[in-house]
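Engineer: What follows is a structure written as structure tokens; I'll ask about it next.
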Amino acid sequence: MLVSEVMSQQTPMSRVVGPWTEWMGRWPTPDDLAEEEAGAAVAAWGRLGYPRRALRLHAAAVAIAERFDGVVPSTYAELIELPGIGDYTAAAVVSFAFGGRAAVLDTNVRRVLARVETGVANCGSATSRADRDLAAKWLPESDDDAARWAVSSMELGALVCVARAPLCESCPVAGHCRWLEAGKPTDGAPVRRGQAWKGTDRQCRGVILDLVRNSAGGVEVEVALEAWPKRHQAEKCLGTLLDDGLIHREGSVLRL
């Protein structure tokens, strides 16, 4: 569960299934991953994007091996202390893996609560303190009920109370929705813009990282820089990859 939650951050689940299956086949336990070098995790990450997540998973596996005898902890307080594990991931693991009580707040859940409780069309782009307070208000007291609420509210937002053209006629809580009661106002709704990709530093980093990942013997620095048409941008992005620990330099050769 921890691996799938990290992999699916900002990545469609349809793209996660293959890499997750291969990852778990190779490293079924945190101890298995902790025994490998971090570069192996980056190499196995493939084209999932945001490859620093692979380093965080490796660091979390090392921490679990050292501090929890190789067993993924089941409490929010313990999970949130692991490297690279944030509020959403810690809560999701508590709820989905262990059936515990935790407020699991993704965009879908925040949108449902924004419409039902506050009567606005959409939630903000980032989770706020107000979002967390509202989620805590709606969270059932018992572990079992809270775990069911986490799953059902997320599915409701993903399948029915969607951002565009919500299926209000099929919504089981339509009779309690303040946004629907108000006539679905759009005034003040946050404007969401798609992220640019072509020509960005993210794309440049991906090109260089893929080149190194697919070269068993390593890649000459100059070859890596020439893989991108803008030299200055390539040098900057290579520098950030080195700083992030995703690539390592040995003389004039780059390796994972």
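Listed here are the residues, each with its yes/no results for (1) at pLDDT 95 or above; (2) within 20 Å of the chain's Cα centre (by Cα); (3) among the hydroxyl-bearing types (S, T, Y); (4) open to solvent by 10 Å² or more (accessible area, probe 1.4 Å).
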{"site": "V120", "(1), (2), (3), (4)": "no, no, no, yes"}
{"site": "G124", "(1), (2), (3), (4)": "no, yes, no, yes"}
{"site": "T127", "(1), (2), (3), (4)": "no, yes, yes, yes"}
{"site": "A130", "(1), (2), (3), (4)": "no, no, no, yes"}
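Engineer: Among the helices (runs of 4 or more DSSP H) confined wholly to region 154-256, which include 1 or more residues that are under 30 Å from F96 (Cβ atoms) and open to solvent by 80 Å² or more (accessible area, probe 1.4 Å)?
Structural biologist: Qualifying helices (runs of 4 or more DSSP H): 178-181, 201-213.
Engineer: Here is a list: A97, A90. Which entry is closer than 26 Å to S142 by Cβ and touching a residue at least 40 places away in the same chain (Cβ under 8 Å)?
Structural biologist: Matching residue, one of A97, A90: A97.
Engineer: Among what's in region 1-55 and is among the acidic types (D, E) and assigned to a helix (DSSP H, G or I), pick the residue that is nearest to R213 (Cα to Cα). Can you show your working first?
Structural biologist: We begin by selecting, within region 1-55, every residue among the acidic types (D, E); these are 5, 22, 31-32, 35-37.
Narrowing the set further to residues that are assigned to a helix (DSSP H, G or I) leaves 5, 22, 31-32.
Working: E5: 23, E22: 16, D31: 23, D32: 21 Å.
So the residue we want is E22.
Engineer: Of all residues in region 95-108, which are open to solvent by 10 Å² or more (accessible area, probe 1.4 Å) and in a helix (DSSP H, G or I)?
Structural biologist: Hits for region 95-108 are F96, A97, F98, T107, N108.
Engineer: Looking at region 21-40, is at least one residue at pLDDT 95 or above and closer than 29 Å to A126 by Cα?
Structural biologist: no
Engineer: In addition: Go through the residues of region 190-203 one by one and say whether even a single one is among the basic types (K, R) and either at pLDDT 95 or above or over 27 Å from V109 (Cα atoms) (or both).
Structural biologist: Going through region 190-203, the residues among the basic types (K, R) turn out to be 192-193, 198, 202.
Filter once more, keeping what is either at pLDDT 95 or above or over 27 Å from V109 (Cα atoms) (or both): 198, 202.
Yes.
Engineer: Can you tell me how many residues in region 3-30 are surrounded by fewer than 16 Cβ atoms within 10 Å (Cβ to Cβ), closer than 21 Å to G86 by Cα and of a type in the set (D, E, K, R)?
Structural biologist: Total satisfying the criteria: 0.
Engineer: Answer yes if at least one residue in region 71-80 is farther than 21 Å from R132 by Cβ and surrounded by 20 or more Cβ atoms within 10 Å (Cβ to Cβ), and no otherwise.
Structural biologist: yes
Engineer: Can I ask one more? For region 81-94, give me the residue count where each residue is assigned to a helix (DSSP H, G or I) and open to solvent by less than 30 Å² (accessible area, probe 1.4 Å).
Structural biologist: The initial filter retains those residues of region 81-94 that are assigned to a helix (DSSP H, G or I), namely 87-94.
In the following step, the residues that additionally are open to solvent by less than 30 Å² (accessible area, probe 1.4 Å) were identified as 89-94.
Adding up the residues that qualify gives 6.
Engineer: Right, next: Within the bounds of region 140-150, is there any residue that is assigned to a strand (DSSP E or B) and either open to solvent by 60 Å² or more (accessible area, probe 1.4 Å) or small (G, A, S) (or both)? Even if it seems obvious, please write down each step before you answer.
Structural biologist: So in region 140-150, the residues assigned to a strand (DSSP E or B) come out as none.
No, region 140-150 contains no residue that is assigned to a strand (DSSP E or B) and either open to solvent by 60 Å² or more (accessible area, probe 1.4 Å) or small (G, A, S) (or both).
Engineer: Going residue by residue through region 103-113, is there one that turns out to be small (G, A, S) and more than 21 Å from the chain's Cα centre (by Cα)? Working first, answer last.
Structural biologist: Residues of region 103-113 that are small (G, A, S), as a first pass: 103.
Subsequent filtering for residues that are more than 21 Å from the chain's Cα centre (by Cα) retains none.
The answer is no; no qualifying residue exists.
Engineer: Another one. Considering only region 47-63, state which residues are open to solvent by 30 Å² or more (accessible area, probe 1.4 Å) and either among the hydrophobic types (A, V, I, L, M, F, W, C) or touching a strand residue (DSSP E or B) at 6+ places or on another chain (Cβ under 8 Å) (or both).
Structural biologist: Of region 47-63, the ones open to solvent by 30 Å² or more (accessible area, probe 1.4 Å) are 47, 50, 52, 55-56, 59, 62.
L55, A59, V62, listed by residue number.
The values are calculated or read from the model by the stated rules, or taken from the named source; none is laboratory data. This is a predicted model, so every value here is computed, not measured. Neighbour counts run over all protein chains shown; Cβ positions are idealised from the backbone, glycine included. Accessible surface areas use protein heavy atoms only, side chains included; no ligands, DNA or RNA. Shrake-Rupley method; radii C 1.70, N 1.55, O 1.52, S 1.80 Å.
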